[in-house]
């Protein structure tokens, strides 16, 4: 069964977890959102992905965050608390 890494990005913390394609949660954790430094924010996400990839064959990564995706640019806009 395929495994996916999911991020839920919030204003105070980022939750992440490993899920099976049927929705079963295999593991989960969280860390503080570093919303004042984009480089740290991205570094933390990349390091988290690397940790999961070390022990799992990931089929994809899902990211949930406040705001909306601009269909013309493909970028998230108006991210709320983040």
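The values are calculated or read from the model by the stated rules, or taken from the named source; none is laboratory data. Fair warning: this is a prediction, and the values are worked out from it, not measured in the lab. Using ideal geometry, Cβ is built from the backbone for each residue, glycine included, and neighbour counts are taken over all protein chains shown.
Within region 59-72, can you find the residues that are over 17 Å from the mean Cα position of the chain (by Cα) and at pLDDT below 90?
Within region 59-72, the subset over 17 Å from the mean Cα position of the chain (by Cα) is 70-72.
70, 71 - these are the residues of region 59-72 that are over 17 Å from the mean Cα position of the chain (by Cα) and at pLDDT below 90.
Taking strands (runs of 3 or more DSSP E) that do not extend beyond the chain, which have at least 2 residues that are in contact with a helix residue (DSSP H, G or I) (Cβ under 8 Å, 6 or more places away or on another chain)?
3-9, 13-20, 58-64
Looking only at region 27-44, filter to residues that are surrounded by 11 or more Cβ atoms within 10 Å (Cβ to Cβ) and in contact with a strand residue (DSSP E or B) (Cβ under 7 Å, 6 or more places away or on another chain); which one of those is farthest from residue 77 (Cα to Cα)?
For region 27-44, the residue satisfying everything is 27.
For the list (1) without any contact (Cβ under 8 Å) to a residue 24 or more places away in the chain; (2) within 28 Å of residue 1 (Cβ to Cβ), I need the number of the one condition that residue 43 fails.
Among (1) without any contact (Cβ under 8 Å) to a residue 24 or more places away in the chain; (2) within 28 Å of residue 1 (Cβ to Cβ), residue 43 violates only (2).
What pairs come up if the first residue lies in region 51-65 and is surrounded by fewer than 13 Cβ atoms within 10 Å (Cβ to Cβ), the second is in a loop (DSSP other than H, G, I, E, B), and their beta carbons are under 6 Å apart, counting only those six or more places apart or on different chains?
So the pair list comes out as 59/2.
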